[in-house]
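What follows is a single structure, written as structure tokens, with notes after it.
The values are calculated or read from the model by the stated rules, or taken from the named source; none is laboratory data. This one's a predicted model, so the numbers in the text were calculated from it and none came from an experiment. Every residue, glycine among them, receives a Cβ derived from its backbone with ideal geometry; neighbour counts consider all protein chains shown.
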Amino acid sequence: MEATLFGYTEAQIAQFGLTFGVGAFILYMLFIVFNLARESKAGKFGTFILFLVLSFGMLGFLAKNIIQWVLEL
């Protein structure tokens, strides 16, 4: 018998935290990058470069979720 918390298993809670918790953290990091670009008066090209370079690691996490979703279909 699996232990549950509020009717959810540990694996379900971990999956929820990974998907939505990290997703919320990514949105917060995008806000930080936007704020950094605004305060440094980077301009359009500088803002684009900041988002490209500082947000590139987030692309891997999003791509992993999309690939998993496609393979489960």
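Which numbered condition in (1) within 18 Å of the chain's Cα centre (by Cα); (2) at pLDDT 85 or above; (3) not β-branched (Val, Ile, Thr) is the only one that residue 40 fails?
It is condition (1) that residue 40 fails.
Which of the residues that make up the stretch 53-65 are of a type in the set (S, T, N, Q) and in a helix (DSSP H, G or I)?
Within the stretch 53-65, 65 is the sole residue that qualifies.
Regarding residue 23, is this residue under 29 Å from residue 5 (Cβ atoms) and modelled with pLDDT under 90?
Yes: the conditions hold for residue 23.
Yes/no matrix, rows are residues, columns are (1) of a type in the set (D, E, K, R); (2) touching a residue at least 40 places away in the same chain (Cβ under 8 Å); (3) surrounded by 13 or more Cβ atoms within 10 Å (Cβ to Cβ); (4) part of a loop (DSSP other than H, G, I, E, B):
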position	(1), (2), (3), (4)
28	no, no, no, no
35	no, no, no, no
38	yes, no, no, no
44	yes, no, no, no
48	no, no, no, no
51	no, no, yes, no
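Give me the pairs, please: first residue somewhere in the stretch 60-73 and under 18 Å from residue 20 (Cβ atoms), second residue anywhere and surrounded by 10 or more Cβ atoms within 10 Å (Cβ to Cβ), beta-carbon distance under 8 Å, and either six or more positions apart or on two chains.
61/22; 61/26; 62/26; 65/19
Somewhere in the stretch 4-11, is a residue surrounded by fewer than 10 Cβ atoms within 10 Å (Cβ to Cβ), among the aliphatic types (A, V, I, L, M) and out of contact with any His (no Cβ under 7 Å at 6 or more places or on another chain)?
yes
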